[in-house]
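A.B. asks: Okay, handing you the structure first.
We did not get these values from a lab; they are worked out from the coordinates using the rules stated. All values derive from a computational prediction rather than experimental measurement. FYI the Cβ positions are ideal-geometry reconstructions off the backbone, even for glycines, and counts take in every protein chain you see.
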Amino acid sequence: MKYVALNDLHVSLGAKMIEFAGYNMPVLYNNLIQEHNAVRNSVGVFDVSHMGEFMLKGEKALELIQLVTSNDASKLTDGKVQYSCLPNNEGGIVDDLLVYRWNENEYYLVVNASNIDKDWNWISQHNTFGVEMKNMSDDMSLLAVQGPNAIKVLQKLTEVNLSAMEYYTFCGGSMAGCEDVIISNTGYTGAGGFEIYVWNKDARKMWDAIFEAGKEFDIMPTGLGARDTLRLEKGFCLYGNDINDTTSPIEAGLGWITKFTKPFINHEYHKAIKENGATKKLVGFEMIDRGIPRQHYMIKDVDGNTIGEVTSGTQSPSLNKGIGMGYVSAAFSKVDTEIFIEIRDKAIKAKVVKVPFL
């Protein structure tokens, strides 16, 4: 088990800690619905220091990134961030990730905690370009300050003009007296906000400063439980649930990050799916009848035939109804199609809806 720099702080705050991706992580501090609503309506802070960070440097850094990622990183300019994925050789996804461009020869990749070693080995294996790679995952802490009031909290702590930063841009700077901070207008909640990367030695100082600045907004520590309900309401994929080693980004509705303007690993396989049509598709659905869908529940048609499987599901705190995502046969993927979720051996009525749910 690995521990983030602020592990003892989370324990002292009474957080319920669970093993997640090999790390001891806070899943809940007090009340999931309160934490969820704090982020949707005001501001909350997630410690997501379990995420991985790689630095890639060199004249051919872009060439390596173009080979291993599905999106077109040549479109990035300095200070821009791009969502992408790492296709494997079998038609699936090694991981989804963020690509940060510092300059034409220096990039920063942010990957999922559960895939740090897998991603590192995959990218290293394809690094025939002499690109310098550095794994900074154990040295960095990451605080996601999310919600409509996040900008008001953080602006007190930095001279960087946060309101001038567009979505999916970042910059280096100082914040709360900490130097070498990366301030990124990104997040996984759909509620707005910033992600703050600091060295481990500065993590507690940054946390304390953020919570002091956020007192007037009833700032709240928020756990992985609320992070999951928030991201699902916005239809964001979770690696290991909605995408994995066997799912194509085309099937997952991620065609927008799959650019065939350049070659990438196994690009012809995914291009064929796009051109011929996927046989299964990831869809959002909401429950019509009462019931909470969960991962691996079967999806049925009106005649009881299995047509797919739930990949993510929850009771939405914002909508007060069951929502979920899952792969279904393409014939059942149209919006308003009636489907049934098998919950405790009962077929509970639902319908396909467009995501985001909120």
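A.B. asks: Suppose R0 equals 35 Å; then what is the FRET efficiency for D208 and S318 from their Cβ-Cβ distance, rounded to the nearest 0.05?
C.D. replies: Working: r = 30 Å, r/R0 = 0.85.
Efficiency at R0 = 35 Å is approximately 0.70.
A.B. asks: Based on the Cβ-Cβ distance from N30 to K334, what FRET efficiency comes out when R0 is 45 Å, to the nearest 0.05?
C.D. replies: Details: r = 41 Å, r/R0 = 0.91.
So, using R0 = 45 Å, E works out to roughly 0.65.
A.B. asks: Here's a follow-up. Sort 192-199, 335-342 by the packing proxy (mean of other Cβ within 10 Å over each peptide's residues), most packed first.
C.D. replies: Numbers: 192-199: 22.8, 335-342: 17.4.
Going from most to least packed, we get 192-199, 335-342.
A.B. asks: Cut-off under 21 Å on the C-alpha distance; same-chain residues fewer than 8 positions from K349 excluded. Which lysines are left, in chain and number order?
C.D. replies: Result set, ordered by chain and number: K280, K281, K300, K321, K334.
A.B. asks: Show me 265-278, 77-90 ranked by packing, highest mean number of other Cβ atoms within 10 Å first. The partial results should precede the final answer.
C.D. replies: Working: 265-278: 14.3, 77-90: 17.6.
Order by mean packing, descending: 77-90, 265-278.
A.B. asks: Using a basic spin-label model with each label point 7 Å from the Cα along Cα→Cβ, how many nm lie between E132 and K346?
C.D. replies: 6.3 nm
A.B. asks: Still on this structure, please answer the following. What FRET efficiency, computed as 1/(1 + (r/R0)^6) with R0 = 41 Å and r the Cβ-Cβ distance, is obtained for K274 and V353, rounded to the nearest 0.05? Write out the running numbers ahead of the final one.
C.D. replies: Numbers: r = 23 Å, r/R0 = 0.57.
My answer for the efficiency is 0.95.
A.B. asks: Provide the packing ranking of 245-254, 28-37, i.e. peptides ordered by the mean count of other C-beta atoms within 10 Å per residue, highest first. Before the final figure, lay out each step's value.
C.D. replies: Working: 245-254: 20.6, 28-37: 18.0.
Going from most to least packed, we get 245-254, 28-37.
A.B. asks: What relative contact order, as a whole-number percentage, does the chain give when Cα pairs under 8 Å and 6 or more residues apart are counted?
C.D. replies: Working: 832 pairs, mean separation 62.4, N = 358.
Computed over the chain, the figure is 17 percent.
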